[in-house]
1. Looking at (1) surrounded by 21 or more Cβ atoms within 10 Å (Cβ to Cβ); (2) in contact with a helix residue (DSSP H, G or I) (Cβ under 8 Å, 6 or more places away or on another chain); (3) not polar (S, T, N, Q), find the lone condition where Trp54 falls short.
2. If Ile337 meets every condition in (1) within 22 Å of Leu88 (Cβ to Cβ); (2) in contact (Cβ under 8 Å) with a residue 60 or more places away in the chain; (3) of a type outside the set (D, E, K, R); (4) crowded, with 18+ Cβ neighbours inside 10 Å apart from one, which number is that one?
3. How many residues does segment 10-25 contain that are in contact with a Ser or Thr (Cβ under 8 Å, 6 or more places away or on another chain) and open to solvent by less than 40 Å² (accessible area, probe 1.4 Å)?
4. Which condition does Val265 not pass, out of (1) more than 16 Å from the chain's Cα centre (by Cα); (2) open to solvent by less than 20 Å² (accessible area, probe 1.4 Å); (3) β-branched (Val, Ile, Thr), if it passes all the others?
5. Within the group Leu349, Leu263, Leu292, Leu306, which residue is in contact with a strand residue (DSSP E or B) (Cβ under 8 Å, 6 or more places away or on another chain) and under 30 Å from Glu32 (Cα atoms)?
6. Exactly one condition in (1) touching a Pro at 6+ places or on another chain (Cβ under 7 Å); (2) part of a loop (DSSP other than H, G, I, E, B); (3) open to solvent by 30 Å² or more (accessible area, probe 1.4 Å); (4) touching a residue at least 40 places away in the same chain (Cβ under 8 Å) is false for Pro136; which is it?
7. Among the residues of segment 231-248, which ones are small (Gly, Ala, Ser), touching a residue at least 60 places away in the same chain (Cβ under 8 Å) and either over 12 Å from Val176 (Cβ atoms) or surrounded by fewer than 24 Cβ atoms within 10 Å (Cβ to Cβ) (or both)?
8. I'd like to verify a number: residues in segment 281-294 that are at pLDDT 95 or above and either open to solvent by 50 Å² or more (accessible area, probe 1.4 Å) or closer than 12 Å to Met328 by Cα (or both), how many?
Amino acid sequence: MTATPDSCFWGYLDADEQPVLSVDPGETITIEAVTHHSGDAPDLLMDDGVRAIWDGIAPETRTPGVHIMTGPIEVRGAKPGDTLRVELLSMTPRMPYGSNCAANWGLFHERFGKERITIYELHDPEPDAAGTMQFPPFATPMFGFDFAARELYDLPGVISEPTPELRQPFGRDVRVPVRPHLGVMGVAPEGGRRSSIEPGVFGGNVDNWRFGPGATVHYPVFQEGAGFYVGDPHFAQGDGEICGTAIEASLDVTLRLSLASDLPVEAPLLRTDTHWFTHGFSGGVEEGVDGLGTAMTMAAEQMLKLMVDKGGFTMDEAYSLASVAVDMGVTQVVDGIVGCHAAIAHSILAP
């Protein structure tokens, strides 16, 4: 599905958005996901299709969040109470460049007193036999510059016009492992229009770098047809995402949507080749980083439930095993509502 002004919306999640595509459960589709940071280096991060989105979606409608969302996609037959299964089959880069923004919402903005853009390049990408660009193992920082297009990076879609003399080459050669993934993915939430920035039980801006090729993510369905969407594509990110963003870069994503009647969930549930991951979120934006305790407690509670329901353990058994075999982690601390995750190996959970 091509990302165009007619198949994208900017800055919000809304159950009232009409589907731009309807699919049957089990159908495989390819979706273009476009980064909202394309304006950080428009000479490298924008092509004609990306520019059409900038030109075709009015700036005053890019609110209250910041992300460009492709969708929603109706999954025929999905109803509230169901579980949507999303199998991420493959991802390819749209262009070999991405942007990292040390932003005003980053963990140490007050300490640095500025915002800074760093542009990354995929290290020696190669096309496959069909000519499609593939991901190499690494990305390399090219140059950086202090953001000056506005007093603050507070306008979705702002463009920093290329100024070669301000682009400072990165100080040394370093190779960052590529971890392509979707920062935002999920289903239409309950309630009215919501910002794309804060994650929740519906998914949204979870920012877990493990939501990449080969992973399967499960979501609770809240609306008829599920209302699935994707956005916020990344080349790489570390747990925490502490400066404010990942390597923000546009991707093409091939995935399969189906219904998982055998796996009821209350929040996003991730399966990788080696582990299951549960997720937890803080109670509100006002908690800030102080909400990590709330998020960790929710992730741990979801893990105990998974161990009982899927692993067949008693709650006492699950509680003991969680303390000795489950790894807790900080997913992100910069999305207003902070996130944590808990991981358990298949070898522990499998009967």
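1. Of the numbered conditions (1) surrounded by 21 or more Cβ atoms within 10 Å (Cβ to Cβ); (2) in contact with a helix residue (DSSP H, G or I) (Cβ under 8 Å, 6 or more places away or on another chain); (3) not polar (S, T, N, Q), the odd one out for Trp54 is (1).
2. Ile337 satisfies every listed condition except (1).
3. Step one: filter segment 10-25 for residues in contact with a Ser or Thr (Cβ under 8 Å, 6 or more places away or on another chain), giving 10-13, 20-21, 25.
If we keep only those that are open to solvent by less than 40 Å² (accessible area, probe 1.4 Å) too, we end up with 10-13.
Qualifying residue count for the region: 4.
4. It fails just one condition, (2).
5. Numbers: Leu349 fails: under 30 Å from Glu32 (Cα atoms); Leu292 fails: under 30 Å from Glu32 (Cα atoms); Leu306 fails: under 30 Å from Glu32 (Cα atoms).
Going through Leu349, Leu263, Leu292, Leu306 in turn, the sole match is Leu263.
6. Every condition holds for Pro136 apart from (3).
7. Once the filter is applied, which keeps residues that are small (Gly, Ala, Ser), touching a residue at least 60 places away in the same chain (Cβ under 8 Å) and either over 12 Å from Val176 (Cβ atoms) or surrounded by fewer than 24 Cβ atoms within 10 Å (Cβ to Cβ) (or both), segment 231-248 yields Gly231, Ala236, Gly240, Gly244.
8. 3
The values are calculated or read from the model by the stated rules, or taken from the named source; none is laboratory data. Note that this is a predicted model, so its numbers are computed, not measured. Cβ atoms come from the backbone with ideal geometry, glycine included; neighbour counts cover every protein chain shown. These area figures cover heavy atoms from the full protein model, side chains too; ligands, DNA and RNA do not enter into them. Shrake-Rupley method; radii C 1.70, N 1.55, O 1.52, S 1.80 Å.
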